[in-house]
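See structure below.
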Amino acid sequence: MTRRRWMRLVLATWILPFDFSPSVTAQTPRRVGFAQVGAESDWRAAETKSIRGEAEKRGVELKFSDGQGKQENQIKAVRSFIAQRLDAIILAPVVETGWEPVLKETRAAKIPVFLVDRGITVSDESLYVTLIASDFVEEGRMAGRWLVEKTGGQARIVELQGTVGSAPANDRKRGFEEAIREHPGMRIVRSQSGDFRRSGGKQVMEAFIQALGREFDAVYAHNDDMALGAIQALDAAGLKPGKDVLIISIDAVRAAFEAMIAGTLNATVECNPLMGPLLFDTIEKHARGETIPKKIINPDRLFEQKDAAEAVKGREY
Ligand code: GZL
């Protein structure tokens, strides 16, 4: 075989098959860890599905860990990702505090960390690349403004809070209180955590009914799963959710649209869980050395009963 033919053969066999285009380079993270909060709500299931589905679509090997709602499990998972020398780490932090030590370990290991869905409080924001999330304070304001308008500024409100110490629970409470502050007739008469779970919403609502009888007018739930649990408790107590008692919640999962169509839920503020495509675009941009903003906000909107039947068509979750 002539030298020329031999070179052509090598080129065709060993070189041309490699794609050196900018999107697929040595830096493109191929092995990524995802420390998820748990599986506490329909919203969480939709977020997990979106991220796992996008990783599969992009040929990324995703190491998934379900934190079962416990920070210590998430920290263990991050340490395991470090030990496996993964290319990048995705973290949905169950609570806001307690992350500095393990994030100093990821920084020492030179593994970039991308926060999704919930923020953290750290003294040094360089410990993570970015946070992709909704603006929970604004979600709380939207819920509060809606309830002020629907009640003419007069309501005794019971509040179902999300997971204690989590950014969405802290911020949704803050935003709602900000929106009702100028209306003295809007009073939160009971407030307790149902941990973002349907069972939690039901149990806490049962306790509220036990304590208050009929002496309340509205329910503000930090997520749809707790609102749906509260609806079960109200029904069982012979009250008419959505009629005797107005209910506003957050997430806009499919079951919430079904409840609005049934007339038992009055409104819900969307909090988009479909983070997968934007998240992996961001991870790849970072790998190419592009500047990434510290926070990337997903836009939200409010849905009411009148919107539900049309809006639910074609929704992914
Ligand atoms: C919001 C997310 C919250 C949802 C709940 O980004 O962290 O946690 O609102 C979920 O449904 O459990």
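Structure notes:
- Helix 224-236 vs. the chain, principal-axis angle (Cα, 0 to 90°, nearest 10): 30 degrees
- Antiparallel bridge percentage (DSSP; both residues within the stretch 32-110; nearest 5): 0 percent
- Taking the longest Cα principal axis of the chain as reference, the axis of helix 42-57 is set at about 10 degrees.
- Charge context of ASP135, other residues only, Cβ under 13 angstrom, K/R +1, D/E -1: -1
- Long-range HN-HN contacts of ILE188 with modeled amide H, under 5 Å: ILE157
- With every protein chain in place, the chain: carbon and sulfur % of accessible area (1.4 Å): 53 percent
- Principal semi-axes in Å for the chain [√(5λ), Cα gyration tensor, largest first]: 45, 21, 16
- Over 20 Å between alpha carbons, listed pairs LYS150/LYS202; LYS173/LYS240; LYS173/LYS306; LYS49/LYS104; LYS202/LYS243; LYS202/LYS306: LYS150/LYS202; LYS173/LYS240; LYS173/LYS306; LYS49/LYS104; LYS202/LYS306
- Counting only protein heavy atoms and a 1.4 Å probe, the chain has 46 square angstrom of accessible area per residue.
- Residues whose amide H comes within less than 5 Å of that of SER193, counting only those at least five positions distant or on another chain, are GLN161 (H built at 1.01 Å from N in the peptide plane).
- Cα-based helix-to-principal-axis angle, 167-180 vs the chain, degrees rounded to 10: 40 degrees
- Neighbour net charge for ILE157 - beta-carbon separation under 9 angstrom, K R +1, D E -1: +1
- Comparing Cα centroids, the stretch 38-91 and the stretch 182-235 end up 31 angstrom apart.
The values are calculated or read from the model by the stated rules, or taken from the named source; none is laboratory data. The structure displayed is predicted, hence computed values, not measured ones. Backbone-built Cβ (ideal geometry, glycine too); neighbour counts: all protein chains shown. Ligands, DNA and RNA are stripped out before the accessible areas are found, and what is left, the full protein with its side chains, is counted by its heavy atoms. Shrake-Rupley method; radii C 1.70, N 1.55, O 1.52, S 1.80 Å.
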